[in-house]
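Step one of this worksheet: look at the structure below.
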Amino acid sequence: MKLALPKGRLLKDTAALLAETGLGLTDYNEQSRSYHLTSPRFRNLLAKVFQEKDIPVQVAIGNYDLGICGHDWVQELLSRYPNESLVTVGELAYGRGDLYLVASKHSGISSIDDIGNGFDKVRIVSEYPNLAELFALKHRLRRFSVLPVWGAAEVYPPESAEMAIISENSVSSFEEYSLVTLARVLRSTAVLIANRHSLASSDMSELLAGIPLSACEPDTDKPLCPPKLDRMESSPQHDAVVWLALPDGHQQQPTVDFLKRAGIQVKGYSKQFITRRPAIDLAGVSVKVIRPQDMPLHVANNNFDLALTGEDWLTDHSCRFPSSPVQKITTLGFGIVTIVAVVSESLPIDNVNQLRAEAGKLLPTVRVASEYVNIADKYARENHLGRYRIIPTWGASEAFLPEDADLLIENTQTGGTLKKHKLRVIDTLFKSSACLIANSNSLSNPMKRDRMRDIINTMEQTAMKG
C-alpha cells in the first residue's frame, strides 16, 4: 500500500491526524527533510512526501493508492481530466482554504454581471488555470484568456488582469491588495483521495478505520453580496510607466542586496517585510513582486517591461517559445545554480550515453521529472532517449526518484541535497545566474525606453563591479 502525504500548509495537521490514528509514520514532521516514510504498525505501507499539488496526479495515474491534499487541487485536475481514476474518500476536519473570484476595487467591478456588460475581453489570472477556464465557460464570458501563474496571483489585477481566482490562504488579506471578492468559486478542505482501481481491489479497511472522515459537500458557485467599492483612484497608465518585476522566495534577499549596491531603494521589499507592490525611488517606475518562474511569460505578454529572474526560467520559456519577445539584457552574478540530469544511485548508469543505451531495455519508457518541463522535453529529444514521458513537478522533485521517475532535471548549488537523497549527477546542462530580462517591444517604445535604459545601465554597472 502506497500513501502520498503533503508538504507545506497541511503537514502539521496531517501529521497530528496520522499520529492519532496510530499509523506512527517516522520522520513526518516540520523539521524532517526525509521524503520516504515507514510505519512500524503497517509493515506493508510505504509513504512518500510531495508538494500538495503533485498528489492528485500521482494518485490518479496509480503510482499511489491513497493521498491527502486539498480538495482544490483535486478539482483542478478533474476539471480538465474528468475521467481520471481518482475518487475522494471523504473530507478531513482541517485545511480550509476556499477559492474566491476577486477583482481590484479600482476596476469598478462589483459583480460577475459587470464583467459581461463592461469588458470586451476578460483576463483571469490564477494558480488554478483549469478551474478558471471552467468558471469562465460556466458563466458564458464571451471572450476570455486565462493567465496561469505559480503564485502571487493577487498582484496582477487591475493592470495585468481583470480578475483572479485565489485561495483565501494565499493572501493574508484581500483588503491589503485592494481586492474585492465577487464570488466563492470552490469550497475546499483537506481530503483523503484514492485511486479508483486500488480502492476496488485492495482491502484498506484497517488502514482507514481510524481516520475521521465526513461526506464531501457539493461544490457551488456562491455569489457574494456586491462589495462596496472605494472611490475610483487614479492608477498609472500602463503605456507610460515602466513595470519592473522583482522575485520573491529564495531570490528575494540576494536581489535586495544587489539593489542596495546599485543605489536603488525599494521600500517594502526586504527580509523583514514584503509587500507585493513595494515603492521604488525611481520616477515613472512601478514594481510588483512575483514568482521568478512566471516572469518570462508575463514579460512576453507585456505585463512587465523588465524583470529579475533566473537564466534557468528564461531558458525553459525559450525552449517552448523560441520567438518570444523576451530578451536577456545582462547576467547579474548572483543566484548561481547548475542545471543537471540526475538518476538514483540504485540505477547502474553513470552518464547520458549509458542512459541512451539502456533506454528501451532497462527502461522501456524513461520517466523524466522536472519543474523545467520544456528543458526536460528538449533534453530527452536531443539525447534520443526513445520513449519518454515528462512528469511536471511543483518542487521537492528529488522525492520522485527512484519509484516515480527515472531521470530528474534539477538545479543544484553544492550537490549536497542530491547526495543526501542518494542521487547521482550523470550530465550537466548549463549554469544559471540571476539575470535582467526585458520585453524587446518595450525597449523600442519611445515612452519607456529612456527610463528602461537608465535602469539597465545602472544594473549592468553594478553587475560588472560584482
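Taking the number of Cβ atoms within 10 Å of each Cβ as an exposure proxy, the fewest-first ranking of Arg184, Arg320 is Arg320, Arg184. Here the Karplus curve 6.51 cos²θ - 1.76 cosθ + 1.60, taken at θ = phi - 60°, turns the phi angles of segment 427-436 into couplings of 6, 10, 8, 5, 9, 10, 10, 4, 8, 9 Hz, with x standing for Gly and Pro.
Stretching Asn29 away from Asp114 to a fully extended chain increases their span by 26.0 nm, per 0.36 nm per residue minus the current alpha-carbon distance.
Residue ranges 64-77, 407-420, 390-403 sort as 64-77, 390-403, 407-420 when ordered by packing (mean number of other C-beta atoms within 10 Å per residue, highest first). Rounded to the nearest Hz, the phi-derived 3J(HN,Hα) couplings of segment 400-414 under the Karplus curve 6.51 cos²θ - 1.76 cosθ + 1.60 (θ = phi - 60°) are 6, 8, x, 5, 10, 7, 9, 9, 10, 9, 9, 9, 8, 9, 10, where x marks glycine and proline. Taking every DSSP bridge with both residues inside the chain, close to 60 percent are antiparallel.
Inter-label distance, Tyr94 to Leu208: 2.1 nm, where each label sits 7 Å from its Cα along the C-beta direction. Of the peptides 331-337, 151-157, the order by per-residue mean of other Cβ atoms within 10 Å, starting with the highest, comes out as 151-157, 331-337. Packing-based ranking of 375-387, 427-439 yields 427-439, 375-387, ordered from highest to lowest mean Cβ neighbour count within 10 Å. State the antiparallel share, in %, of DSSP beta bridges confined to segment 337-432, rounding to the nearest 5. Among the beta bridges of segment 337-432, antiparallel pairing accounts for roughly 60 percent. Cβ crowding within 10 Å ranks Met204, Met295 as Met204, Met295, fewest other Cβ atoms first.
Placing a label point 7 Å from the Cα of Ser433 along the Cα-to-Cβ direction, the residues of segment 300-317 with a backbone N closer than 16 Å are 308-315. Shown is the FRET efficiency for Thr458 and Gln272, computed with R0 = 30 Å from the Cβ-Cβ distance and rounded to the nearest 0.05: 0.75.
Averaging over all projection directions, the Cα-based convex hull of the chain occupies 23.6 nm² in the image plane. In a simple Cβ point-charge model (Lys, Arg +1; Asp, Glu -1; nothing else charged), the chain has a dipole of about 680 debye relative to its Cα centre. When each of Ile339, Ile329 is scored by the number of other beta-carbon atoms lying within 10 Å, the sequence from fewest to most is Ile329, Ile339.
A DSSP coil position with no more than 15 other Cβ atoms inside 10 Å describes the following GluC sites (Glu not before Pro) in segment 305-372: Glu345.
Throughout, read-outs are computed from the coordinates displayed, never taken from laboratory work. Source: prediction; values computed, not measured. Reconstructed Cβ throughout: ideal geometry from the backbone, glycine too, with neighbour counts over all protein chains shown.
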